[in-house]
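Below you'll find the structure, written out as structure tokens, and then a few comments.
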Amino acid sequence: MARNLINNGTKSALEAEITSSASHDAPNIDEHDESVPPEEPGIALPAHVAGSGTLDRLVDTARDYAKASTAENTNKAYAADWKHFARWCRLRGTDPLPPSPEMIGLYLTDLAAPSNGSPALSVSTIDRRLSGLAWNATQRGFTLDRKNRHISTVLAGIKRKHARPPVQKEAILPEDILAMVATLPFDLRGLRDRAILLLGYAGGLRRSEIVSLDVGKDDTPDSGGWVEILDDGAVLTLNAKTGWREVEIGRGSSDSTCPVHALEQWLHFAKIDFGPVFVGTSRDGKRASETRLNDKHVARLIKRTVLDAGIRSELPEKDRLALFSGHSLRAGLASSAEVDERYVQKHLGHASAEMTRRYQRRRDRFRVNLTKAAGL
């Protein structure tokens, strides 16, 4: 029988936490800023061939390709970074272009130690802002040298004075994911959410990768990959940050914990044989819609089921919500899979073993004891 997972109070806390997380470090900018140059990539025709209709169409296509060279969320972040910097320059009576190392150094200083009383940004956010400015300058035909002393020395000082250890999300362990899945009802919506959690966990998937899956290859324009179900498991073909990669998800030890079985159940009862894998449902939860889920649904689902399953119940609700996110699924798989590290690295699509180790929350600590090995 379906049961209500969270009461209204918990729901309000969830929504507040999600909103706070989404808006953290967001720049305080106007909706319209005339001083900001166009946000299109800097691709244009040489002056001596301008006006050619055929070439003009190629320019438009080239701009589309250039925009697709970085992820959509990255494009949005870089656009917001430039808009904030341009407004900051305008308020101080200067222009953002050409980029001045001296002004950028002062801008970074103001982000780390704001003069208007607003909260200081984290070092990682400041570093990302600088990357956004460099990318935008390049797209507009300028060069921003991050090694210039006015930039590099200021940034080094900010890192030395304000840097803190990275805050990592809590890993969801095997017993946690089973407890979370057990809170879900067996109606259509519950079948979908069960498949999301189990598939995301077993695949070590990012939340964007989960919701961008299609049933068949190239089913929809916004597809980020597709799934093929075989006798021994499922193969996911993903358009990841580092290029196309395949993720193999084997069948589990029982139907109740098998991600592939959960996926099959959802697709069967939702009557989905093409298009997006994970879609919304009707208000009564009896019919699947055609609208692809947003990746924020995965974050909300994780937080909601963490609360309902009583995970880390010794902590206040606010702290529990802050501990877990979509990355908790990837960290959980990396921390729990007792296999050679190289297999975990391949499964997660990491370019280096060092990146994989960041996801392995305490799994390998003290496994090799160099103190004893040295004879102490």
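The values are calculated or read from the model by the stated rules, or taken from the named source; none is laboratory data. From a predicted model like this one, the values you see are computed outputs, not experimental measurements. Glycine also receives a Cβ, built like all others from the backbone with ideal geometry; neighbour counts cover every protein chain displayed. Surface areas here come from the heavy atoms of the whole protein model, side chains and all, with no ligands, DNA or RNA. Shrake-Rupley method; radii C 1.70, N 1.55, O 1.52, S 1.80 Å.
Matching residues to (1) of a type in the set (S, T, Y); (2) part of a helix (DSSP H, G or I); (3) free of Cβ contacts under 8 Å to residues at least 40 places away in the same chain:
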residue: Y78; (1), (2), (3): yes, yes, no
residue: T109; (1), (2), (3): yes, yes, no
residue: I126; (1), (2), (3): no, yes, yes
residue: F142; (1), (2), (3): no, no, no
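Can you go through S124, S152, S118 and tell me which one is closer than 30 Å to G105 by Cβ, among the hydroxyl-bearing types (S, T, Y) and under 19 Å from the mean Cα position of the chain (by Cα)?
S124
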Go through (1) assigned to a loop (DSSP other than H, G, I, E, B); (2) surrounded by 12 or more Cβ atoms within 10 Å (Cβ to Cβ); (3) at pLDDT 75 or above; (4) polar (S, T, N, Q) for S115 and report which single condition fails. (2)
If you go through L293, L329, L348, the only one that is closer than 19 Å to S208 by Cβ and at pLDDT 90 or above is L293
If we keep just the residues of the stretch 269-302 that are out of contact with any Pro (no Cβ under 9 Å at 6 or more places or on another chain), over 18 Å from L197 (Cβ atoms) and of a type in the set (D, E, K, R), which is least open to solvent (accessible area, probe 1.4 Å)? D284
Could you please find all residues in the stretch 80-96 being open to solvent by 30 Å² or more (accessible area, probe 1.4 Å) and free of Cβ contacts under 8 Å to residues at least 24 places away in the same chain? L91, R92, G93, T94
Restricting the search to the stretch 253-268, which residues are open to solvent by 30 Å² or more (accessible area, probe 1.4 Å) and either within 14 Å of I210 (Cα to Cα) or in a helix (DSSP H, G or I) (or both)? H261, E264, Q265, H268
Can you tell which of I249, I272, I172, I210 is part of a helix (DSSP H, G or I) and of a type in the set (V, I, T)? I210
